[in-house]
Each structure stands twice: as C-alpha cells, then as structure tokens.
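Novice: Below are the structure tokens for one structure; questions will follow.
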Amino acid sequence: MIDTALFKQQLSELIATPSISCASPRLDTSNEGVIHLLANWLEHLGFCCDIMPVADHPGKSNLIATLGKGSGGLVLAGHSDTVPCNPELWHQDPFTLADKDQRFYGLGATDMKGFFPVVLAAVTALSDKLQRLQQPLIVLATADEETSMSGARALSLAGRPKARYAVIGEPTGMRPIRMHKGILMNAVHVQGEAGHSSNPALGKNALETMHQVMGALLKLRTQLQQRYQHAGFEVAVPTLNLGCIHGGDNPNRICNASELHFDLRPLPGMSLDALHREIEQTLRPIGDRVGMPITIRKLFAGVEAFEEAANSELTTVCEALTGHASDSVAFATEAPFFQAMGMQTIVMGPGSIDQAHQPNEYIDQRQIEPAVKTLVALIERCCF
C-alpha cells in the first residue's frame, strides 16, 4: 500500500533537518527547514500551502496545507520540532536515519517527524479520489510544541485552521487518546535580607520562609486532590511536584534569597487561571506575615487539560477504525488549542511515547502501514 523507499527518503530528510526547540538559545534552532520540506511535498500533491511565521519567535513558522473547500473537514496535525539530544549517548548519528531490526532510528523518528510521511502516504493512496473531496483535508505542522507551544498558540489566536475534526499524530500506538492532564510550571521567589548567621536579627532568612511556602504548597496539593478526582486517569488526582530549589551561598550567612520551581498537572475541568489565583492567595500572605516579598511567575504559559467526549463522533469513529477503546495519557499536547477552535479532537499516531525524548529514539516499522490504512479510512469518513 505504501512506497517504502519514498517513505524512508522523506523520513530521512526530515530527520536530517535539525528543528530543535529548547528554552536555551544556545540549543534552539529554526524549524523552517522542516516546514519548507513539507510544503514542497504537499504542493506536489495539490495542496495550497500557507507558511505562517510565529510572531515574536524569529525563525519559527507553522504550515497550513489545505486541499479542498468546505465548512467541515479534517485536520491532521503534528509538531515539526524535536527536543535536544546528547549525540554521545546514541549508537548512531541522531540526524541520520538508521534502518535496522524493523525500526527507523533518528531524532524525532517517533516524536513526531515520523507522522508526516504517514500522512503523505495516506494522501498518495487516495490520489485518484482527491478531486472528489466534499470537505477540506488540512495538514498542519506547528512550531515549538516541545517548549512554549508558541505555534499552536499563534494558530488559536488567529482562529485557524477551521475544520470539524482534528487528529494530532503524537505517538500513541494508534490508540485514540481523548483525555490528558494539563500543566503549569511556576517559580516562587522569596526575597530576604543577608546578615551574619551569629545573630538572626541581622537579616531575614529566605530559606526559612521558603520552608513555609513549601508546606503551604503541599497542603494545597492535598486539598486539590481531595476536591478533584477522575477515574479515567492512571493517576486519578491532580499532581504537584516540587522540582528544584536554590538559595543562599554559605552556611554562616543568612540566606537573602531563595527560589523554588514546581509543576502542577490539573485534571479536565480545572482552570489554569483559577489555579494561578489560588496559588497567589495561598502564598502571598506568608510573605506579608514575615515581611519578605514573595513573587510568583509563570515559567511558561501552561497548557489546559483536555477531554473529548466519549460519545463524540470523532471518538467513536477512531475507536471503530483502530479497534482500540479511547484512553488517557499523562503527557500534555496541543489538543486543547484545537478543541478551543471548535474542533472535535483526538490524539492518535504511530510510535510509542516510551521511545521519545531519549537516545536511540525509533519508530517501529510494523506500525507504519496500519497507521496509513487508518488515516486513509479516516480521511474517507471525514472528507468524502
């Protein structure tokens, strides 16, 4: 059903084109090489391609490739970026496709450059029918999913693309995912005053106040877990993790400043804005009581939790086509942004998240043809 040589060539070119997304400017790269590759291939298949620069993110762009017209249709979406890598830990060059043991190895092979050749193969399989499309087929490639999700945010702000359904091809083993938790990451800074440790009255110890902050956050975690549960998740409660802490510079000096970073992963139905307000209301009074300013800042804008209805048309269609019941995952995706634009949304693609973000990333070749067949059937159901 698929041209294996063409698939391999396309995946090889995508992997060979760096598109690392990283909060460190030293490691961050443009994604536009990948975007132009995809645009060139899709234009040859008849798509109208719109390359959309992401405002305030130089070198970062989204691709919106559209075939057909109508008010409904299907979006097949993926992110064009990868995480950084440690080449010295790989058994081969991360940017050179390796084909062995029925696996394609390379940075982004499963997360998620491998999804795009699957989409291209599905479109090619339908080439004789594409002139009869009743609703548009839209292929979307986004920027910076691995860091800020700036690409998806820009699309949501622009209110495009418009379609009835969206499938995000994150690696799920082609199991339809209709739910995931959200995520927020915050920094809490306590400003004290330095002084000689022999006399506590000479300063204000930021670490002691941070101890109260940590206790308050753990108490808030307990309260949130008592208020919110969702049996559809393996970890059925929201989680809050105290990730890292810094403060002070010497044992005999009163600590003048301390900073804590934490993440919170809410369940569907929990608003990020409401959580931010509750965190502020919990922590600021501590600083007021002890006379030490407490500032709270977002480490990134956060991602809302996601839930598509169990009985939505797209959920039931994807379950029927794959033979898998819909499920939930622990990681966040761009799904909430597509859902907010009015699309029924499912996360579903070949590969496994277990291979992502680590050395020797690969996609199992045995998943490729079933994934192409599923996308062909999905396009036929949604666009013809």
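The values are calculated or read from the model by the stated rules, or taken from the named source; none is laboratory data. Nothing here was measured: the structure is a model prediction, and the numbers come from that model. Note that each Cβ is placed from the backbone with ideal geometry, even for glycine, and that neighbours are counted across all protein chains shown.
Novice: Of Ile64, Ile15, which residue is under 22 Å from Ile363 (Cα atoms) and under 20 Å from the mean Cα position of the chain (by Cα)?
Specialist: On the way: Ile64 fails: under 22 Å from Ile363 (Cα atoms).
Result: Ile15 is the single residue among Ile64, Ile15 that is under 22 Å from Ile363 (Cα atoms) and under 20 Å from the mean Cα position of the chain (by Cα).
Novice: Would you confirm whether or not segment 108-119 contains a residue that is within 30 Å of Ala320 (Cβ to Cβ), out of contact with any Ser or Thr (no Cβ under 9 Å at 6 or more places or on another chain) and either in a loop (DSSP other than H, G, I, E, B) or among the acidic types (Asp, Glu) (or both)?
Specialist: Yes; the residues of segment 108-119 include at least one that is within 30 Å of Ala320 (Cβ to Cβ), out of contact with any Ser or Thr (no Cβ under 9 Å at 6 or more places or on another chain) and either in a loop (DSSP other than H, G, I, E, B) or among the acidic types (Asp, Glu) (or both).
Novice: May I ask you to say which residue of Ala77, Ala23, Ala55 is of a type in the set (Gly, Ala, Ser) and assigned to a strand (DSSP E or B)?
Specialist: Residue meeting the stated conditions: Ala77.
Novice: Give the residue that is surrounded by the fewest Cβ atoms within 10 Å (Cβ to Cβ), with candidates limited to residues of segment 213-238 that are touching a strand residue (DSSP E or B) at 6+ places or on another chain (Cβ under 9 Å) and not in a loop (DSSP other than H, G, I, E, B).
Specialist: Leu218
Novice: Look through segment 87-144, keep the residues that are modelled with pLDDT under 95 and among the charged types (D, E, K, R), and return whichever of them is farthest from Leu42 (Cα to Cα).
Specialist: Arg132
Novice: State whether one or more residues within segment 314-326 are β-branched (Val, Ile, Thr), free of Cβ contacts under 8 Å to residues at least 24 places away in the same chain and surrounded by fewer than 17 Cβ atoms within 10 Å (Cβ to Cβ).
Specialist: yes
Novice: Tell me which residues, restricted to segment 239-273, are farther than 18 Å from Phe300 by Cβ and either of a type in the set (Gly, Ala, Ser) or surrounded by 18 or more Cβ atoms within 10 Å (Cβ to Cβ) (or both).
Specialist: Matches in segment 239-273: Gly247, Gly248, Ile254, Cys255, Asn256, Ala257, Ser258, Leu267, Pro268, Gly269.
Novice: Turning to a different aspect of this structure: Among the residues that make up segment 43-57, is at least one of them assigned by TED's automatic domain parsing to the domain that holds Glu146 and either closer than 21 Å to Met348 by Cα or polar (S, T, N, Q) (or both)?
Specialist: Filtering segment 43-57 down to residues assigned by TED's automatic domain parsing to the domain that holds Glu146 leaves 43-57.
Now drop any that are not either closer than 21 Å to Met348 by Cα or polar (S, T, N, Q) (or both), which leaves none.
Scanning segment 43-57, I find no residue that is assigned by TED's automatic domain parsing to the domain that holds Glu146 and either closer than 21 Å to Met348 by Cα or polar (S, T, N, Q) (or both), so the answer is no.
Novice: For segment 41-52, which positions are under 17 Å from Ser127 (Cβ atoms) and either among the aliphatic types (A, V, I, L, M) or part of a helix (DSSP H, G or I) (or both)?
Specialist: Trp41, Leu42, Glu43, His44, Leu45
Novice: Restricting to segment 190-212, name every residue that is more than 23 Å from Thr282 (Cα to Cα) and crowded, with 17+ Cβ neighbours inside 10 Å.
Specialist: Ala194, Gly195, Gly203, listed by residue number.
Novice: Right, next: Among the residues of segment 160-188, write down those that are crowded, with 24+ Cβ neighbours inside 10 Å and of a type in the set (D, E, K, R).
Specialist: Selection gives Glu170, Arg178, Lys181.
Novice: Report, ordered by the first and then the second residue, all pairs with beta carbons closer than 6 Å, sequence separation of six or more or different chains, a first member in segment 333-345 that is under 10 Å from Val75 (Cβ atoms), and a second member that is among the aliphatic types (A, V, I, L, M).
Specialist: From residues that are under 10 Å from Val75 (Cβ atoms), the pairs are Phe338/Ala166; Met343/Ala163; Met343/Ala166; Thr345/Ala166; Thr345/Ala335.
Novice: Next up: Of the residues that sit in segment 120-135 and are touching a helix residue (DSSP H, G or I) at 6+ places or on another chain (Cβ under 7 Å) and part of a loop (DSSP other than H, G, I, E, B), which one is farthest from Ala16 (Cα to Cα)?
Specialist: So, considering only residues that are touching a helix residue (DSSP H, G or I) at 6+ places or on another chain (Cβ under 7 Å) and part of a loop (DSSP other than H, G, I, E, B), the one farthest from Ala16 (Cα to Cα) is Gln134.
Novice: Also: If you scan segment 80-95, which residues turn out to be under 24 Å from the mean Cα position of the chain (by Cα) and either within 18 Å of Leu11 (Cα to Cα) or part of a loop (DSSP other than H, G, I, E, B) (or both)?
Specialist: Across segment 80-95, the qualifying residues are Ser80, Asp81, Thr82, Val83, Pro84, Cys85, Asn86, Trp90, Pro94, Phe95.
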